[in-house]
Each structure stands twice: as C-alpha cells, then as structure tokens.
Amino acid sequence: MTGAAGTAPRGRRIAAVLAALAVAAAALLVLRPGGGVSGDSAEAGFARDMSTHHAQAVKMAFLVRDRSDDERVRTLTYDMIATQSAQIGMMTAWLDAWNVPHTDPRGPMRWMNGHGHGDASGTKAMPGMATPEQLRELEKADGRAAEIVFLRLMLTHHKAGVEMARAAQTRAEDEHVLRLARAMVRGQQAEIDLMQQMLTERTSPA
Amino acid sequence: MSKSTRNRAQQQRKNALTERHTPWGGIIFFTVIGLVAAVAVTFAYLSSRPPSTEIAGLVEKDGLADGHTTSPVQYDASPPMGGDHDPAWQSCDARVYDRPLRNENAVHSLEHGAVWITHRPDLHISQLAALSQRVKAVDYTMMSPYPDLDSPIVLTAWGRQLKVDDASDPRIGRFLQAFVKGPQTPEKGAPCNGGKETA
C-alpha cells in the first residue's frame, strides 16, 4: 500500500497537506474578510449606481401616477415604486454591511467602464437617465400626454437598467448581488414588453 | 491491512524516533500559519477603520433634534448641522443651486443622508466650477451660496462639518466618501429627489 513513496515520512506529507489547506483557508479570509466586498468592486459600484438609477425611476413613476387616471398605468407604476424602493433598501443595506462608502466621489459607472485613471473627467452621465429637461416635460404634461412621455422615458431607463444588471451578472461574484441582478433583468424585461405595448396603443392611429 | 504492512509501519515509526529528523514539516506548517494570521489580522484592522478618522478639522455634533415644523428654526451652527426641520426636504440629487436655500429644508436633506456644500456668494468662478462639477457627479449632494460664511467653502452632513479654503482640497473627496449616506444618517433610504425644487 505504501509503495515507492513509502520512504518519505508520513508525518511530513500530512504536515505539507495541512499547511496547504491552511494557506488556502487564510487566503480566502484575507481576500474577503467576513464575506466582505471592497469599495472598488463591481458589487459596490453596482449597488451605488443602481440605487441612483432606481431613485429616478421611482420619481418618474410618482410623477405620472399624479397625472394619469389610467388603471393600467397606475398599477404598473405602483409596482415599480414599491419594487424599486425595496431594492434600493436592499442595496443600501449591503453597502452598510460591507462597510464601504455609499458614493464614489470620482463619479458613477466606473465599475462598468473599466476604471479610467485620473479623476472623473467631469460628469459621466449614467445610461438611460432622464435629463432635467425631460423631467420637466413630464411634469408639465397631463393625462394621456404624460403617459406617453413617461412610457418613452421609462423604456429608455429600463433598457439601460437591464444592461447594468447584465453587466453586474458578468462582473460580480457575490451571491446576493447576482440574485438581485437576475431578478432585475427578468422583472424589467417584462415591464419593457408591457410598456412597449402600452406605448403602441397610445401612439398608433386607431 | 496485512500483517506485513503493519510491521513496516512499526519499523518506520521506530526509524523516525531514532534517526532524529529535523521536523521541517512542522516548522514550515507553523511558520506559514503564523505569517498568514499576522497578515489577516493587519488587513482586517486596516479595512475596519472608519474613513472619517483621517479628515483633519472635522467638527462633530451628536444628539441633534429631528422634529418636523413649518415654523422658522433657530440653529446654533451656521450652516446648521441638524435639528428640527421643515417637512419638505430640499432636492439633493446632485443639485447646484445659485441662490441661498432655506435652512429648514436643507436640514431635512441632511437627515436623508445628503452632503450640503455651501460657499461664499463671491467665491471665484473657477472655484465654483470645480465644486459644481463634483456635485453633479455625486448623488445625494447639493450646493448653494450661503451669506456670511466664515470660510470660503463649508461641507455639512447631519452632525458633521468641515471648513475648507479651496475647492481642490483633498479632504472634500474624503468627506463625501465618508458622509454621503454615511453612518451618521438618521434616515437611511430616504430620498433626495422629489423634494423642494427651488431655492
């Protein structure tokens, strides 16, 4: 049973195996202390930027809800407001638990754009976000007109949101992040299909 | 196990005792564990230090009131670092205002985790440009002129304040990193958009 290797003392071999295991275990500990995530990670960047992205979606959903009596629009936006606010809460709690900053003063989207060196070169806009002018347009509109403005803006917003969530799926490793990113892709894609249909109903001649 | 295998094992054990090998396995094993433990402890210590401890000149204030009122409030810091405030928060989603804000609305934004950057109304245009660029890149910040400021630029979060002379001061970035939605925030998760939009 011991074979040719039987000449090497067994104790030394066991010690070597134990040492290798200890190094592996310690490496895991050092790389992710307490299951943590670093402030520069894709996980943290995604949680920060998606919170900002969601916050604007919530605001736009509130705006159109105050301006429309359409039951389907009101149901859709109720769903968006409740879901995305809850998701902001989840991401906020992660950043707290990871003990990392809730902001990156160098600007947003660095986790997706491959960390440009130097400083933020100004204000890189987050994809899909409505501009202040577009928000004002929504605020001024009413009824069906407001619904159309909202659907157009939110379609762009959601498509970019799905792209961000997909990027997180390829860049992040944390299980909770992956699960939420997956849920966002699924949920927002379904809403994109619905909104596309609602927009067509409102813009194509009957 | 056959008898011969057991005999061989016994022989080996005897040899190990009589030949007095240097126990390299054990030495390496414990050395590696010791080193790894030292590195892990150092790393854990360094990464658990709160970032705010490195900001020189930081003023802290705890136990601030947080009631809602529509009446004017007498604050004991200028700009105020917290206290009772208006039910409406000032919109603080990366917002640059060109006129002074009402304290009572701005304090409500601080409660939601915003950093409020105030500056003297006559701050040089290049300084203003640098500051507003920062504000526009960071959600949960807002900026406004503030008359009679005793320093050219003042950064305020709920219960935290820092006075700086220059927009390029590296402490500005550290203050934002530490306190935008930082641990001092009384109402984490509350919004910065959807508030009072005008100065």
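Given the structure, is B:SER151 surrounded by fewer than 22 Cβ atoms within 10 Å (Cβ to Cβ) and either modelled with pLDDT of 95 or more or of a type in the set (A, V, I, L, M, F, W, C) (or both)? Answer is yes for this residue. For B:THR42, are the conditions met, namely being more than 7 Å from every other protein chain (Cβ to nearest Cβ) and at pLDDT 80 or above? Judged against the criteria, B:THR42 is not a match. When restricted to residues that are touching a residue at least 12 places away in the same chain (Cβ under 8 Å) and out of contact with any Phe, Trp or Tyr (no Cβ under 8 Å at 6 or more places or on another chain), region A:80-90 contains 7. The set of residues in region B:180-198 being among the hydroxyl-bearing types (Ser, Thr, Tyr) and either in contact with a His (Cβ under 8 Å, 6 or more places away or on another chain) or not in a loop (DSSP other than H, G, I, E, B) (or both) consists of B:THR185 alone. Residue count for region B:1-39 satisfying the condition of being assigned to a helix (DSSP H, G or I) and modelled with pLDDT of 80 or more: 16.
Would you call A:ASP66 at pLDDT 95 or above and either buried (at least 18 other Cβ atoms within 10 Å of the Cβ) or not basic (Lys, Arg) (or both)? Yes. For region A:43-62, residues that are aliphatic (A, V, I, L, M) and at the interface with chain B (Cβ under 9 Å from one of its Cβ atoms) total 2.
For the residues B:ALA178, B:ALA130, the requirement of being closer than 15 Å to B:ALA56 by Cα and within 14 Å of chain A (Cβ to nearest Cβ) singles out B:ALA178. Residue count for region B:71-107, restricted to those that are more than 21 Å from the chain's Cα centre (by Cα), among the hydrophobic types (A, V, I, L, M, F, W, C) and in a loop (DSSP other than H, G, I, E, B): 5.
One residue stands out in region A:157-206 among those that are part of a loop (DSSP other than H, G, I, E, B), surrounded by fewer than 17 Cβ atoms within 10 Å (Cβ to Cβ) and not polar (S, T, N, Q): the one that is modelled with the lowest pLDDT, namely A:ALA206. Run down A:GLU163, A:GLU175 and say which single residue is under 15 Å from A:PRO127 (Cβ atoms) and out of contact with any helix residue (DSSP H, G or I) (no Cβ under 8 Å at 6 or more places or on another chain). The match here is A:GLU163. Filtering region B:57-70 to residues that are free of Cβ contacts under 8 Å to residues at least 60 places away in the same chain and either of a type in the set (Val, Ile, Thr) or not in a loop (DSSP other than H, G, I, E, B) (or both) leaves B:HIS68, B:THR69, B:THR70.
Could you say whether any residue in region B:98-106 is within 16 Å of B:TRP158 (Cα to Cα) and among the polar types (S, T, N, Q)? The answer is yes, given that some residue of region B:98-106 is within 16 Å of B:TRP158 (Cα to Cα) and among the polar types (S, T, N, Q).
The values are calculated or read from the model by the stated rules, or taken from the named source; none is laboratory data. Computed from a prediction, not measured in an experiment: that's the story for all the values here. Virtual Cβ from ideal backbone geometry, glycine too; neighbours counted across all protein chains shown.
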